[in-house]
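Following: one structure in structure tokens, then a few remarks.
The numbers here are math on the coordinates, done by the rules we state, and not lab data. Predicted model only: the values in this text are computed from it and were never measured. As a convention, Cβ positions derive from the backbone with ideal geometry for all residues, glycine included, and neighbour counts pool all protein chains shown.
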Amino acid sequence: MLYELRNLKKIYDGRTVLDLEQLSLDRGKITSLLGPNGAGKTTLLEIMAFLSGPSSGEVWFEQEKVNFTTGKLMHLRRKVVLVEQQSILFTTRVWKNVAFPLRIRGASKAKRERIVEELLDLVGMGAFGHARAHKLSGGETQRVAIARALACFPEVVLLDEPTANVDVENQIAIERIMQEINQKKGISVIFTTHNMIQASRLADETVFLYEGKVARSIYENIFSGHIETERNGCKQCILQYGLKLGVDSPKSGPVRISIDPSAVKISQSRANASAENTFKGKLIQLTDEQSRVRALVDVGIPLSVLIPKEVFGDLGLEMGAEVWLTCPVESIEVF
Amino acid sequence: MDFLIDSFLSAMLLIGSLDPGLLEIIGVSLKVSCTSTLIASVIGVPGGFIIAFSEFPMKRLLITILNTLLALPTVVVGLFVYAFISRRGIFGVFDLLYTPKAMIIGQVILIIPIVATFTISAVSRIDDRYRKTALTVGANLFQTAWMLVREARFGIAAAIIAAFGRVIAEVGISMMLGGNVRGFTRTMTTAMALEYDKGQFVLSVALGIALLGVSFAVNLFFNYFQGKVRV
């Protein structure tokens, strides 16, 4: 076990931004922390990077309980490195930025030169060694920041939304680097994202965070709505977009719901679809995701559906086609 | 007007001829001012850094006091130090009065608030991501602090330039604690005051031009230094 977090809470100005009962993360994997803005992803990364302590609870790293109060965290920080969402480079040359972790570890000049060159090549920035760091673009900055992080020879690399502010070319490069350092160097990679597709493409494991908590259901298809009880006692959630969904929840009034995309059924005709929570929509996007296909259907709101590949083959769906979606009551979580 | 132009031309001739008396005065000025700036920087830069990055009770009050001390009149510092180093003062036994050391003590007191407040301002503006980055790549506290100072170097250099400008141009402390002793504690400003009193307007103007020239040279040096490290 790499990390074990128990009853972890982080409170800022009286507001609980992180509240994790239990979370375990394994060594040697690529793990994604998936959640919307404000889910507590960055706060969690900073705690895991030992840059900030929790307000309460325990953090265990490699079976060792981390004591944030003593301030003696350098030996742990030298195993884990954080690359921030908007990385900042020291106002010097690119080369010196990457050499900084090596210099503070007392590496010889020859060793520094060899490693820096190697790392800049790895991130595709070999030609930029003598460039001024603050003249680089966002994507280039992020790649140099990753090279600098790797110069620490870490066991764990934490990346906070590593591709959030970069173009497609840099996004591909960064994702390749993440996979390469995990597979070739055996470094555990933990990254945050709000991109479900990126998480499923890169991560061996995904942790869903919502409002500071590990979400039981999949963070996807989240909508705001209002629950009303009908005359027959059934409850309906009326989404902001006018869509009505039958739900099974003791709650009433304003709520948020999530619809599990793997539980939504898709068919090409009404006859194949059951009556409850059935909507007609238009297929607007298809994405290949390992053993599944993700379909995005516009039913007034964009609804994501995960279809096993063997089922997808039988359905014969085409882009722009009219489809029917059924959301079983069990697939809807109210919170 | 002719009188002013004549004085200016005579002053230029005096400087051009490298008059030994003039060079001696410039030498004392530079020695005292550079020493006091160096000492104040050694105290003020780390002091400002610690104040900026530490949390302690009455921090705001301390910063307000330091800001107030920016307006400290030189004669007040002169009087204050005089009370301690005069024969009757508690440091009277060290016989410091009317020596360059006394001037340096007074000038250091005068400019520590300048160096400290400018440093506080410079390092407070540094993006917190620099601190986090240094820590996460494994820097210890000293290495992190050094890195932050490096990032704030232009602001800190400005603090030192401002402090040097204050001491090279001050007259109150130099006169009260140095005594304007020729060849020993006579600086450009005290000499100017004296020559003015004597009606030697030419030498006064020459010293004034020299003072501006020295300040210009120091600023050129710092600009060159900043250009060298701006990578």
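A compact table of results
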{"item": "Exposure proxy order (Cβ contacts within 10 Å, fewest to most) of A:213, A:184", "result": "A:184, A:213"}
{"item": "Principal-axis tilt of helix A:138-150 within chain A, Cα atoms, nearest 10 degrees", "result": "60"}
{"item": "Exposure proxy ranking, count of Cβ atoms within 10 Å, fewest first, for A:159, A:150, B:220, A:315", "result": "B:220, A:315, A:150, A:159"}
{"item": "Span-like helix ranges in chain B, DSSP H, alpha carbon extent 27 angstrom or more, Kyte mean at least -0.5", "result": "B:20-53, B:100-124, B:201-229"}
{"item": "Fluctuation leader among B:76, B:205, B:93 - chain B, Gaussian network, Cα springs under 10 angstrom", "result": "B:93"}
{"item": "Dipole magnitude (debye, nearest 20) for the protein assembly as shown, charges at Cβ of Lys, Arg, Asp, Glu", "result": "1580"}
{"item": "Debye intensity ratio I(q)/I(0), log10, the range B:2-229, q values 0.11, 0.15 Å⁻¹ (C-alpha model)", "result": "-0.65, -1.02"}
{"item": "Length-normalised contact order of the range A:55-172 in % [C-alpha pairs under 8 Å, at least 6 apart]", "result": "38"}
{"item": "Gyration tensor verdict on the range A:222-334 (Cα atoms; rounded if a/c is under 1.5, prolate if a/b is larger than b/c, oblate otherwise)", "result": "prolate"}
{"item": "Rounded tilt (10° steps) of A:168-185 against the dominant C-alpha axis of chain A", "result": "70"}
{"item": "The range B:158-194 and the range B:16-52: distance between their alpha carbon centers, rounded to Å", "result": "10"}
{"item": "Part-to-part distance (alpha-carbon centres) for the range A:7-63 and the range A:179-236, which is given in Å", "result": "15"}
{"item": "Relative contact order (percent, whole number), chain B, Cα cutoff 8 Å, 6+ residue spacing", "result": "30"}
{"item": "Viscosity 0.890 mPa s, temperature 25 °C, Stokes-Einstein D of the protein assembly as shown from Kirkwood C-alpha radius, µm²/s", "result": "84"}
{"item": "Range in chain A, longest, excluding exposed GluC sites (Glu not before Pro) [loop by DSSP; at most 12 other beta-carbon atoms within 10 Å]", "result": "A:1-229"}
{"item": "Loop-located chymotrypsin sites (Phe, Trp or Tyr not before Pro) in the range A:59-120 whose Cβ has at most 11 other Cβ within 10 Å (DSSP)", "result": "none"}
{"item": "Of B:59/B:101; A:29/A:79; A:79/A:185; B:31/B:198; A:244/A:265, those spanning more than 22 Å from alpha-carbon to alpha-carbon", "result": "B:59/B:101; B:31/B:198"}
{"item": "Using alpha-carbon coordinates, inclination of helix A:94-104 to the longest axis of chain A, degrees", "result": "70"}
{"item": "Rounded if a/c under 1.5, otherwise prolate or oblate - the range A:3-214, Cα gyration tensor axes", "result": "prolate"}
{"item": "Order of B:119, B:68 under a 10 Å beta carbon neighbour criterion, fewest first", "result": "B:68, B:119"}
{"item": "Rounded, prolate or oblate (a/c below 1.5 giving rounded, otherwise prolate when a/b exceeds b/c) for the range B:98-231 by Cα gyration tensor", "result": "prolate"}
